[in-house]
Amino acid sequence: MKRSEINAIIEGAQAFFSEQGFHLPEWAFWNPEQWAAHKNECKEIFDCKLGWDITDFGSGRFETRGLTLFTLRNGLEGSYPKPYAEKIMVVGEEQETPFHFHWNKMEDIINRGGGKLAFELYMSDAQDGFSTQSVTVSVDGVKRTLKAGERLVLDSGSSLSLPQRLYHRFFAVKGYGKVMCGEVSMVNDDDSDNRFKEELGRFPAIDEDVPPTRLMVGDYRRFA
């Protein structure tokens with residue numbers, strides 16, 4: 001992805017969160033010079049990978065396969081004892097986060113505002129493929145049983161609880177606008193706890209065509 005594209009995506013996400021009445025921490029708006037000035041106080045942010053995370057999953061097609069994330073809080077075994085994590089995300093219309101599950105993390109995904117958020121769900125089988133068995137999940141505490149791959153749509157305010165090893169993909173439904181999407185979960189580890197159905201890249205390579213205006217989690221070592 002080009003750095004100019006990433007800068008524009010983050011600027012748009014900041015505006016969308018503001019429109020939805022969601023407020024980010026002060027450091028979400030720091031430029032590289034401000035990060036460098038405060039780096040000695042920010043070890044928890046760096047170690048727990050808090051902050052901006054823009055990905056196209058290696059597709060080169062961010063608008064149709066990509067996600068904008070901001071990790072607000074997280075823990076790290078042996079260093080930071082929080083057993084939980086929280087993210088806020090922007091999901092575009094028909095912008096897919098592809099099928100994946102987590103080995104260890106259980107999470108709730110919440111439609112915090114905007115359009116309609118659609119999910120497709122499959123149980124994983126013994127070979128980590130798709131199972132044909134039905135899927136039973138909790139939607140705001142109400143049990144729902146779906147056929148394998150059946151679509152589930154969340155309106156604003158609704159949430160879906162995703163246990164470990166449940167394949168899920170999600171996107172905002174066309175015609176209703178993008179979604180401000182929340183995630184409340186066990187500790188998040190994007191380096192080792194994601195199992196994607198396809199082989200793809202979780203973090204993009206970056207063409208530094210312009211300087212960064214905001215840093216992402218992968219930028220801290222280089223720019224902060």
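Give the number of residues within region 29-68 that are in contact (Cβ under 8 Å) with a residue 60 or more places away in the chain, of a type outside the set (D, E, K, R) and assigned to a strand (DSSP E or B). Adding up the residues that qualify gives 4. Entry remark, region 165-200: residues being touching a strand residue (DSSP E or B) at 6+ places or on another chain (Cβ under 6 Å), farther than 22 Å from Thr64 by Cα and either open to solvent by 60 Å² or more (accessible area, probe 1.4 Å) or in a loop (DSSP other than H, G, I, E, B) (or both) number 5 in total. Scanning region 20-60 for residues that are exposed (fewer than 15 other Cβ atoms within 10 Å of the Cβ) and charged (D, E, K, R) returns Glu26, Glu33, Lys39, Glu41, Lys43, Asp47. For first residues located in region 84-106 and polar (S, T, N, Q), partners that are open to solvent by 80 Å² or more (accessible area, probe 1.4 Å) and lie 6+ apart or on another chain with Cβ distances below 6 Å do not occur. Annotation: of all residues in region 75-123 being aromatic (Phe, Trp, Tyr), open to solvent by 10 Å² or more (accessible area, probe 1.4 Å) and part of a strand (DSSP E or B), the one that is farthest from Arg65 (Cα to Cα) is Tyr80. Is it fair to say Phe17 is open to solvent by less than 30 Å² (accessible area, probe 1.4 Å) and in a loop (DSSP other than H, G, I, E, B)? So Phe17 does not fit the description; no. Taken over region 203-213, residues that are touching a helix residue (DSSP H, G or I) at 6+ places or on another chain (Cβ under 7 Å), open to solvent by less than 60 Å² (accessible area, probe 1.4 Å) and either closer than 26 Å to Pro98 by Cα or modelled with pLDDT under 95 (or both) amount to 1. Kindly evaluate Ser161 against the criterion of being more than 13 Å from the chain's Cα centre (by Cα), in a loop (DSSP other than H, G, I, E, B) and either touching a residue at least 24 places away in the same chain (Cβ under 8 Å) or closer than 24 Å to Gly60 by Cβ (or both). Considered against the rule, which asks whether it is more than 13 Å from the chain's Cα centre (by Cα), in a loop (DSSP other than H, G, I, E, B) and either touching a residue at least 24 places away in the same chain (Cβ under 8 Å) or closer than 24 Å to Gly60 by Cβ (or both), Ser161 comes out as no.
For region 201-224, a residue qualifies if it is farther than 17 Å from Val90 by Cβ, part of a loop (DSSP other than H, G, I, E, B) and under 17 Å from the mean Cα position of the chain (by Cα), and the qualifying residues are Gly201, Arg202, Phe203, Leu215. Among the residues examined, Gly129 does not qualify as in contact with an Asp or Glu (Cβ under 8 Å, 6 or more places away or on another chain) and either open to solvent by 50 Å² or more (accessible area, probe 1.4 Å) or of a type in the set (Gly, Ala, Ser) (or both).
The values are calculated or read from the model by the stated rules, or taken from the named source; none is laboratory data. Owing to the predicted nature of the structure, the values given are computational and were not obtained by experimental measurement. Cβ: placed from backbone, ideal geometry, glycine included. Neighbour counts: every protein chain shown. Accessible surface areas use protein heavy atoms only, side chains included; no ligands, DNA or RNA. Shrake-Rupley method; radii C 1.70, N 1.55, O 1.52, S 1.80 Å.
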